[in-house]
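Visitor: Sharing a structure here in structure tokens format.
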Amino acid sequence: MKETINKLKWIYKKSKPGIVTLTVATIIGSILSAISVYNAMISKSLIDSAINKNLDSVIKWLVIMGSIMLSSILLSTLRSFLSTYSSNKILNELQKEYFSHLAYSEWMELSKFHSAGLMTRITSDTSTINNFICGTIPSIITSIIMLGISFFTLLKIEPNLAIFTIVILPIIGLINKLCSRRLKKFYKDIQDKNIEYTSFVQESLQNLMIVKTFCNEKKTINNLDRIQNQKLKLSLKQSLFTSLTGMLFSIGSSAAYFVVFCWGALSLVKGAITFGTMTALLQLFNKIEYPLSSLMGCYSPIISSLAATERLMEIESLALEKGTNNMNVLISNKPVIKLDNVSFGYKEDVNILKNISCTINPGETIAIVGPSGQGKTTLIRLLLSLIHPENGDIYLKNNNFKELLSKDHRNLISYIPQGNTLFSGTITENLLYGNKDATYEDILKACELSCSLDFINKLDEGFDTKIGEKGLGLSEGQAQRIAIARAFLRTKPILILDEATSALDEKTEVSVLESIKNLEHKPTCIIITHRPKALSICDRILRLDNGYLIEEDRNDIPKLEISLA
Ligand SMILES: Nc1ncnc2c1ncn2[C@@H]1O[C@H](COP(=O)(O)OP(=O)(O)OP(=O)(O)O)[C@@H](O)[C@H]1O
């Protein structure tokens, strides 16, 4: 119970961006509910006046009824506008909040989730919460108001009938209580299956080329079919369960309606009530039954939003990256990078990097080599503060200043990761990603240095050529060269290339690497490479061996070149 209250408090907090308009919309909804009950009484008076042939009274009630109808239409329009505004405002804020939280979260924590799982949380779970705030809660409030007014009106004109209708309430409460646990489990299972489905589709589409070249189209479609069938079975089970409970409610309410009808008809025969009262009774009964069924329908969204709340709270619990609050001279100067006895492992007690100490001076070009899986990329992740040393420290030093490396220092680094990391858009848009203020001349120079100018000029639309997701439309080597130009344009004091020239031919690779030496801002350059030719342009070579970092003698480059080749 305490947990549910905490979740409801959390939901209330999330509704704040649209609470004012939502409250006004709910008040209008409540007024509309009251008006609809009052309409039943107007129709009673209208019918009785018509039966008594009282023309003046009939006209009076017709005018009142018309005016009420018109105001209801206007109020409904206003309510719908306010609800749409609140709903969009709350959903946008929710999605922005969780997207921002993910953007600033610790990389290691994020990597525990499948991207489709995170996507479902940001899109589907936030929508569930939003629908609860903007749909279910106002509906509960207006239903309770309609129920209350209808009950008291009925109590005034036919007390026995009013008491009879209200005994239905505890029965509904009982049905809901019985359903709650089952419904919660259904929602969780369906949501988990949805995530599995989305992840499968996302991964299959991303790797469609592999699916095709392994001739696995049929197998993939069969897998999709299997997940869809599991999803269908769960949805059918849930639907059967809610239909059965709905059926119980319908049987109850139809029986009650029948009793009210019999009661009214017999009273009419006995002359105990007028014809107008009979129609009012039936309408009022409907106005009790409708909010009751609406309240019953609210149960499922309540359960699903409590489950969605739990899943969004999980995102909130992801630790955010910490920065230093002390950004001084390092930002504008060339720092020395110093690793002091650094160890790191992804799993407890299994260190990938062991007691690494080294100093990298400003302007140096360093190669990091070593067999696959030795931890070269892990070392770069440490330098980028995506992960943090378990033991030891990484510092940036500048004259007498020394700072522990943190995420804020990423602003000193231009990084070219492995693989294709271009965005969909034009080549210019991609180039400006890290430095929107770069001039046309800067762009030309960066492209020339990265050996990409020639091929870009040969494209029909040159720099305005649109490229698809992950650089679709370009060769691997062309995409790599644009990624290198993008990093050159960022003009930061540290440049890191993680196998960033792997798709280039040897001649182009050497030419691109040599051009790093000609960069005007003379960055410190760290190159991870498996390519022997790259070593010749480096000032120092560091080799990872079983987790230890060993500095190689430059005279041994020919030997190293042979071992890498
Ligand atoms: N996110 C992760 N979680 C757990 N283990 C990881 C993770 N990333 C890498 N590893 C493990 O850490 C080790 C070092 O990986 P890393 O990617 O740093 O090697 P590498 O030297 O860059 O390899 P390659 O030359 O093949 O790119 C590997 O054994 C790998 O399985």
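Every number here is computed from the coordinates shown, using simple stated rules; none is lab data. All of these numbers come straight from a predicted model, not from anything done at the bench. With ideal geometry, Cβ positions are generated from the backbone for all residues, glycine too; neighbour counts draw on all protein chains shown.
Visitor: How big is the Kirkwood radius of region 1-85, worked out from every pair of different alpha carbons and given in Å to one decimal?
Guide: Working: mean 1/r = 0.0643 Å⁻¹.
Across region 1-85, the inverse of the average 1/r is 15.6 Å.
Visitor: So, one more: Using only Cα atoms, find the angle between the long axis of helix 506-517 and the longest principal axis of the chain, and express it within 0 to 90 degrees, rounded to the nearest 10.
Guide: Orientation of helix 506-517: about 90 degrees from the principal axis.
Visitor: I've got another one for you. Mind checking the angle between helix 19-51 and the chain's longest principal axis? C-alpha axes, 0 to 90 degrees, to the nearest 10.
Guide: Roughly 20 degrees, rounded to the nearest 10.
Visitor: Relative to the longest principal axis of the chain, what angle (0 to 90°, nearest 10) does the C-alpha long axis of helix 55-103 take?
Guide: Rounded to the nearest ten degrees, it is 20.
Visitor: Something else: Output needed: percent of Cα pairs per 20 Å distance bin for region 2-316, bins running from 0 to the one holding the longest distance.
Guide: 25, 46, 23, 6, 0
Visitor: Here's another thing I want to ask about it. Taking neighbour counts of Cβ atoms within 10 Å as a proxy for exposure, in what order, fewest first, do I303, I210, I11 appear? Show your work: numbers first, answer last.
Guide: Numbers: I303 21, I210 12, I11 18.
Exposure proxy ranking, most exposed first: I210, I11, I303.
Visitor: Another one. Tally the DSSP beta bridges in the chain and give the antiparallel ones as a percent, rounded to 5.
Guide: Of all bridge pairs located within the chain, approximately 60 percent are antiparallel.
Visitor: Here's something else I'd like to know. If you stretched the chain out fully between D464 and E3, how much longer would it get, using 0.36 nm times the residue separation minus the C-alpha to C-alpha distance? Working shown, then result.
Guide: Details: separation 461, 0.36 × 461 = 165.96 nm, distance 5.46 nm.
Extra length from D464 to E3 when fully extended: 160.5 nm.
Visitor: Compute the relative contact order of region 2-316 as a whole-number percentage, counting only Cα pairs closer than 8 Å that sit 6 or more residues apart in sequence. Provide the component values of the computation, followed by the final result.
Guide: Numbers: 252 pairs, mean separation 104.4, N = 315.
Taking the mean separation of contacting Cα pairs over the length of region 2-316, I get 33 percent.
Visitor: Do the alpha carbons of any pairs in K96/K376; K60/K287; K322/K376; K347/K376; K13/K322; K112/K212 sit beyond 27 Å of each other, and which pairs? Please list the in-between numbers first.
Guide: Working: K96/K376 35 Å; K60/K287 24 Å; K322/K376 24 Å; K347/K376 17 Å; K13/K322 25 Å; K112/K212 29 Å.
Pairs exceeding the cut-off: K96/K376; K112/K212.
Visitor: For region 329-564, build the convex hull from the C-alpha positions and give me its volume per residue in Å³.
Guide: 124 Å³
Visitor: Then there is this: For T128, T123, T491, what's the fewest-to-most ordering of other Cβ within 10 Å of each Cβ? Present the calculation step by step, with values, prior to reporting the outcome.
Guide: Values: T128 22, T123 14, T491 17.
Lowest count first: T123, T491, T128.
Visitor: Could I ask something else about it? Using the Kirkwood radius over C-alpha pairs as Rh, can you work out the diffusion coefficient of region 293-395 via Stokes-Einstein at 10 °C, viscosity 1.306 mPa s, in µm² per second?
Guide: Result for D is 90 µm²/s.
Visitor: Could you name the aspartates and glutamates whose alpha carbon sits less than 12 Å from that of K407, not counting residues in the same chain fewer than 8 places away?
Guide: Filter leaves E106, E321.
Visitor: If you rank V37, V211 by fewest surrounding Cβ atoms within 10 Å, what's the result? Please report the intermediate quantities before stating the final value.
Guide: Numbers: V37 22, V211 18.
The order, fewest Cβ neighbours first, is V211, V37.
Visitor: Sticking with this one: Provide the net charge surrounding R121, with neighbours chosen by a C-beta distance below 10 Å and charges set as Lys +1, Arg +1, Asp -1, Glu -1. Walk me through the numbers on the way to the answer.
Guide: On the way: positive: R311; negative: D125, E314.
Around R121, the surrounding residues sum to -1.
Visitor: Find how many whole Å separate the alpha carbon centroid of region 195-256 from the alpha carbon centroid of region 61-87.
Guide: Taking the Cα centre of region 195-256 as reference, the centre of region 61-87 is 40 Å away.
Visitor: What is the ratio of the Cα radius of gyration of the chain to 2.2 N^0.38 Å, with N the residue count, to two decimals? It would help to have the intermediate numbers written out before the result.
Guide: Details: Rg = 34.8 Å, N = 565, 2.2 N^0.38 = 24.4 Å.
For the chain, the normalised Cα radius of gyration comes out at 1.42.
Visitor: Further, regarding this structure: Filter K470/K507; K184/K470; K188/K219 down to the pairs with a C-alpha to C-alpha distance above 31 Å, please.
Guide: Numbers: K470/K507 25 Å; K184/K470 39 Å; K188/K219 28 Å.
Flagged as over cut-off: K184/K470.
Visitor: Turning to a different aspect of this structure: Pulled fully out, how much extra length does the chain show between T213 and F455, if you take 0.36 nm times their separation in residues and subtract their Cα-Cα distance?
Guide: 84.3 nm
Visitor: Then there's this: Residue separation times 0.36 nm, minus the C-alpha to C-alpha distance between S239 and A255: what's the value? Intermediate results must be reported in sequence, preceding the final value.
Guide: Values: separation 16, 0.36 × 16 = 5.76 nm, distance 2.37 nm.
Length difference between fully extended and current span is 3.4 nm.
Visitor: Related question: How far apart, in nanometres, would the label points at H101 and L62 be if each is projected 7 angstrom from Cα along the Cα-to-Cβ direction?
Guide: Simple spin-label model gives 6.0 nm for this pair.
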